[in-house]
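The values are calculated or read from the model by the stated rules, or taken from the named source; none is laboratory data. Quantities reported herein were computed from a predicted structural model and do not represent experimental measurements. Here the Cβ is made from the backbone with ideal geometry for all residues, glycine too, and neighbour counts use every protein chain on show.
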Amino acid sequence: MRSIVSAALIGLVFGAGIVISGMSNPAKVLNFFDPLGTWDPSLLVVMVSAFAVTFFGYRLVFKKQSPLLDIKFHLPTSRELDLPLIGGSALFGIGWGIAGFCPGGAIPALGLGEPSPFAFVAAMLVAMILVSRLRKTQLSTRSLTPQPSLN
Amino acid sequence: MITDFTPWQALLGGVLIGGAAVALMAIHGRIAGMTGIVSGALSTAGSDKNWRLAFLVGAIAAPLLFINLPGQSLQFASDSPLWAVLFSGAVVGIGVSFAGGCTSGHGVCGNARLSPRSITATVVFMAATFATVFVVRHVLGGF
């Protein structure tokens, strides 16, 4: 219960940050990426200030052995700069540039009651589910076939 | 559509986003990445799903509360046609699934950990977004 209340309040602060900074507004986001047209540098200020707070905040947090409501910090361990990372990021940027919606901006924007965030999030969720199913089938077929041993 | 440069709101918003990221790590031990939180909410079961759904409900509630504060309103403008919004949603969904993160997970949290994967992802997606907006607005003349 404590965990649910705390996560909801943190989500509320995150969402407040998105809407106050204007990052739930696709026009404002797209204008940052248009320095030759109607440029609006706000997104840069948002990213730099969020980065700075997180950079220094994490340093304090990681001095502790564990988080308050869990036994350990859940941190990504992969360090490989592989094709899924680079190709996926390129696709994400293309999609972001088409309509100005990214996941962190579009999900809080659902609360505005406008139709386009719903359309964006619905299409995004369908795509995420399909990719995750596809990867699961690939993994299970791979584990069924004998693996040639490396080295 | 022209939007005004709003440095103070951008600074306050960025500090709140960063504050939420630090709090989620300090209390729950989790990265505040929208891609990771959403994909986990779609797949995992039990107690791990609960905090994710709670975070999403809180994030969606924020504009609802904000527009009901006295004297506050939120600007929202999207002139993309429905097909472009749906197409971009599908492309973003595929992209962030393979990249393992987006602007929040890689761009804020991962970069704050100086993760080489997140720094690479951020450079690539920012460049791709600049290029896409240039092509859409200045080559194709908008949708």
Filtering the stretch B:28-58 down to residues that are at the interface with chain A (Cβ under 7 Å from one of its Cβ atoms), of a type outside the set (Val, Ile, Thr) and in contact (Cβ under 8 Å) with a residue 12 or more places away in the chain yields B:HIS28, B:ARG30, B:ALA32, B:MET34, B:SER39, B:TRP51, B:PHE55, B:LEU56
Give me the pairs, please: first residue somewhere in the stretch B:102-129 and within 7 Å of chain A (Cβ to nearest Cβ) and more than 16 Å from B:ALA21 (Cβ to Cβ), second residue anywhere and aliphatic (A, V, I, L, M) and in a loop (DSSP other than H, G, I, E, B), beta-carbon distance under 8 Å, and either six or more positions apart or on two chains. B:PRO116/A:LEU81; B:ARG117/A:LEU81; B:THR120/A:LEU81
Which residue out of A:LEU68, A:LEU112 is within 24 Å of B:ALA41 (Cβ to Cβ), at the interface with chain B (Cβ under 7 Å from one of its Cβ atoms) and touching a Phe, Trp or Tyr at 6+ places or on another chain (Cβ under 6 Å)? A:LEU112
Let me spell it out: the conditions are (1) in a helix (DSSP H, G or I); (2) modelled with pLDDT under 95; (3) surrounded by 14 or more Cβ atoms within 10 Å (Cβ to Cβ), and A:PRO117 meets all of them except one. Which number is the exception? (2)
State all residues of the stretch A:1-27 that are over 18 Å from B:VAL15 (Cβ atoms) and at the interface with chain B (Cβ under 7 Å from one of its Cβ atoms); if no residue qualifies, say none. A:SER3, A:ILE4, A:SER6, A:ALA7, A:ALA8, A:ASN25, A:PRO26, A:ALA27
For B:ILE60, which of the numbered conditions (1) within 19 Å of A:PRO115 (Cα to Cα); (2) at pLDDT below 95 fails to hold? (2)
Hey, any hits in the stretch A:84-101 for a residue that's more than 19 Å from the chain's Cα centre (by Cα) and not aliphatic (A, V, I, L, M)? no
Exception for B:THR35 within (1) modelled with pLDDT under 95; (2) among the polar types (S, T, N, Q); (3) crowded, with 22+ Cβ neighbours inside 10 Å falls at (1)
From (1) in a helix (DSSP H, G or I); (2) buried (at least 20 other Cβ atoms within 10 Å of the Cβ), pick out the condition that doesn't hold for A:PHE101. (1)
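Yes or no, residue by residue, for (1) farther than 26 Å from B:PHE76 by Cα; (2) within 7 Å of chain B (Cβ to nearest Cβ):
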{"residue": "A:PRO35", "(1), (2)": "no, no"}
{"residue": "A:PHE55", "(1), (2)": "yes, yes"}
{"residue": "A:LEU60", "(1), (2)": "yes, no"}
{"residue": "A:PHE92", "(1), (2)": "no, yes"}
Residue that is surrounded by 20 or more Cβ atoms within 10 Å (Cβ to Cβ) and modelled with pLDDT of 95 or more, where the choices are B:LEU16, B:LEU53: B:LEU16
Please go through the stretch B:1-59 and give me each residue that is basic (Lys, Arg) and more than 19 Å from A:VAL53 (Cβ to Cβ), ordered by number. B:LYS49, B:ARG52
